[in-house]
Amino acid sequence: MILEMSNIQKGFDGLEVLKDISFGVDSGEVVSIIGPSGSGKSTLLRCATFLETIDGGEIAYMGDKAAWTDSETSKAVYAGPQEMKKFRGYCGLVFQQFNLFPHYSILQNITDAPIKVQGVSKADAEANARDLLRKMGIEDKADAYPFQLSGGQQQRVAIARALAMKPEILFFDEPTSALDPELTGEVLKVIKQLADEDMTMVIVTHEMPFAKAVSDRVIFMDGGVIVEQGDPKDVLENPTEERTRQFLSVFER
Amino acid sequence: MEFSVMLTTMAGGMLKTGAIFVLTLLGSLPLGMIVALLRKSRFMPVRALISIYISVIRGTPLMLQLLVWYFGPFYLFGFNIGGWRFPAIIVAFVVNYAAYFAEIYRGGIESIPQGQYEAAQVLGYTKTQTFMRIILPQVIKIIMPSVTNEVITLVKDTSMAFTLAYAEVFSLAKQISASQTSFTPFIIAGVFYFVANYVVEIVMTRIEKSMDYYK
């Protein structure tokens, strides 16, 4: 198991968003999470990538506990700063809004963190960044700035930036939701390519055909719980739960 | 008095005006950043103190603040204030301008989208790295027009040192004009302030242009 989250609870101002969710990802597995907005999908990713702190439960990466519930106070506690640095290094996140650094060139966007956070040499970081850009099909954009790129190109840079940190697992939070329809294809294509290379990934998405094509497992979330999960064909074509069926019917038009 | 003599006499005042201007910027630009960061402190008393400081500074005339900084030590503590004139002027200006710069910085910092912090955090940047490498460069670009405004105001505000009879350009102009019954010193002073601000505009525009490479 690369990631194991057990009995995760998370609320905002008394509103329970994640209700005792348990969820694990195996090495090389591609998991898609679908569900209506407000179902807790994004919050789950944000807890897994430590952007949000959990209220209770356990998060373990590579078998090591990053967060757990203290038995006396029954509050969630996190590992020390040094260990957290290691855990953060295990996971990467691609945002819906890309969140590239506008003042850095495309190349700097990809090389800055490896150089400054991981201590990689500038030459190695740049060579790796150019490889990644080639893979994303935008090697000619290395010296451009984010504002000069289309949304689809920006998102591919964001994927390259996450990959440059060599994460064990890569999370995608609705990676194509901010894109014009004609640009989603190019982003989905590179994610598919990563799946074929056995990159471990968790993808929150509304692209059902894509989820079916790329995932090993699909999870349907609603109201802060996992309603149903399993083989993409089963969940997306023959869901056993009524709520899943209702949700999917919206996409059939 | 001949024009050339007037000009030479006033040149000394120009240097003093320049000294107030430079020292105020050197002090208030960094101090303003510290104030802006303290305003976001986790400790309520610190936040309260900073917000009182900004309110008082912005709510009272700079001229009054100059008088308080200069005469305060004598009236409040009975200190000998000989030789305190110039330091008092610099302290008053720095403390005053730091409050305004702090508010400009705060506006800039708050306009950076949360996503920038989150992207940096996920990539493993420390808080200091995030601020210095990701946030601050973008803030500087955003606040440049407001800073330019403030710097231009400062050039003109230096004339308030006249309140403490400090011999900068404006005080000298007034003195010479009175003693020589001549209008010329005011014209010299006016041209000086205008040219100084023209230079400020050119320099600030250059700096803004140098950050035009991204949006």
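General remarks:
- Pairs with Cβ under 9 Å, 6+ apart, first in the range B:100-122 and within 12 Å of chain A (Cβ to nearest Cβ), second small (Gly, Ala, Ser) and part of a helix (DSSP H, G or I): B:Ala119/A:Ala158; B:Ala120/A:Ala113; B:Val122/A:Ala162
- The residues of the range B:127-141 that are under 24 Å from B:Phe21 (Cβ atoms) and touching a helix residue (DSSP H, G or I) at 6+ places or on another chain (Cβ under 6 Å) amount to a single one, B:Val139.
- The lone exception for A:Asp112 - which of (1) open to solvent by less than 40 Å² (accessible area, probe 1.4 Å); (2) free of Cβ contacts under 8 Å to residues at least 12 places away in the same chain; (3) part of a loop (DSSP other than H, G, I, E, B) it fails: (3)
- Residue selected from the range A:92-102 under the condition within 8 Å of another protein chain (Cβ to nearest Cβ), crowded, with 20+ Cβ neighbours inside 10 Å and touching a Pro at 6+ places or on another chain (Cβ under 6 Å), by the criterion farthest from B:Met211 (Cα to Cα): A:Gly92
- Test result for A:Asp198, more than 14 Å from chain B (Cβ to nearest Cβ), open to solvent by 60 Å² or more (accessible area, probe 1.4 Å) and either among the β-branched types (Val, Ile, Thr) or not in a helix (DSSP H, G or I) (or both): yes
- Members of the range A:144-163 found to be surrounded by 19 or more Cβ atoms within 10 Å (Cβ to Cβ), more than 9 Å from every other protein chain (Cβ to nearest Cβ) and either of a type in the set (Ser, Thr, Tyr) or touching a residue at least 40 places away in the same chain (Cβ under 8 Å) (or both), listed by number: A:Gln154, A:Gln155, A:Val157, A:Ile159, A:Ala160, A:Leu163
- Flag for A:Ala127 being at pLDDT 95 or above, surrounded by fewer than 21 Cβ atoms within 10 Å (Cβ to Cβ) and not in a loop (DSSP other than H, G, I, E, B): yes
- The requirement of being away from every other protein chain (no Cβ under 14 Å), open to solvent by 80 Å² or more (accessible area, probe 1.4 Å) and either touching a residue at least 60 places away in the same chain (Cβ under 8 Å) or closer than 30 Å to B:Pro113 by Cβ (or both) is satisfied by B:Lys209.
- Hits in the range A:56-91 (condition: modelled with pLDDT under 95, more than 11 Å from chain B (Cβ to nearest Cβ) and within 25 Å of B:Gly115 (Cβ to Cβ)): A:Ala76
- As a summary of the residue check, A:Val120 satisfies the conditions (1) part of a helix (DSSP H, G or I); (2) more than 8 Å from chain B (Cβ to nearest Cβ) except for the one numbered (1).
- Which numbered condition B:Val155 fails, given (1) of a type in the set (Val, Ile, Thr); (2) more than 10 Å from every other protein chain (Cβ to nearest Cβ); (3) surrounded by fewer than 19 Cβ atoms within 10 Å (Cβ to Cβ): (3)
- Checked against (1) touching a residue at least 60 places away in the same chain (Cβ under 8 Å); (2) within 14 Å of chain A (Cβ to nearest Cβ), B:Gln129 passes all but a single condition, namely (1).
- All positions within the range B:170-189 that are aromatic (Phe, Trp, Tyr), surrounded by fewer than 18 Cβ atoms within 10 Å (Cβ to Cβ) and assigned to a helix (DSSP H, G or I): B:Phe186
- Flag if B:Tyr117 is within 18 Å of the chain's Cα centre (by Cα) and assigned to a helix (DSSP H, G or I): no
- Checking each residue in the range A:166-184 for being in contact (Cβ under 8 Å) with a residue 24 or more places away in the chain, out of contact with any strand residue (DSSP E or B) (no Cβ under 6 Å at 6 or more places or on another chain) and either surrounded by fewer than 22 Cβ atoms within 10 Å (Cβ to Cβ) or of a type in the set (Phe, Trp, Tyr) (or both) picks out A:Glu168, A:Ser177, A:Ala178, A:Leu179, A:Asp180, A:Leu183, A:Thr184.
- Test: residue in the range B:132-153 that is within 30 Å of B:Phe71 (Cβ to Cβ) and outside any helix (DSSP H, G or I): no
- Candidates B:Gly82, B:Gly32, B:Gly59 - the one that is away from every other protein chain (no Cβ under 14 Å), open to solvent by 10 Å² or more (accessible area, probe 1.4 Å) and closer than 21 Å to B:Ser146 by Cα: B:Gly59
- Long-range neighbours under 7 Å by Cβ, at least six apart or interchain, first residue part of a helix (DSSP H, G or I) within the range B:54-76, second open to solvent by 80 Å² or more (accessible area, probe 1.4 Å) and among the charged types (D, E, K, R): B:Tyr70/B:Arg85
The values are calculated or read from the model by the stated rules, or taken from the named source; none is laboratory data. Here the structure is a predicted model, which is why all the values come from computation and not from measurement. In this analysis, Cβ positions are derived from the backbone assuming ideal geometry, glycine residues included, and neighbour counts consider all displayed protein chains. These area figures cover heavy atoms from the full protein model, side chains too; ligands, DNA and RNA do not enter into them. Shrake-Rupley method; radii C 1.70, N 1.55, O 1.52, S 1.80 Å.
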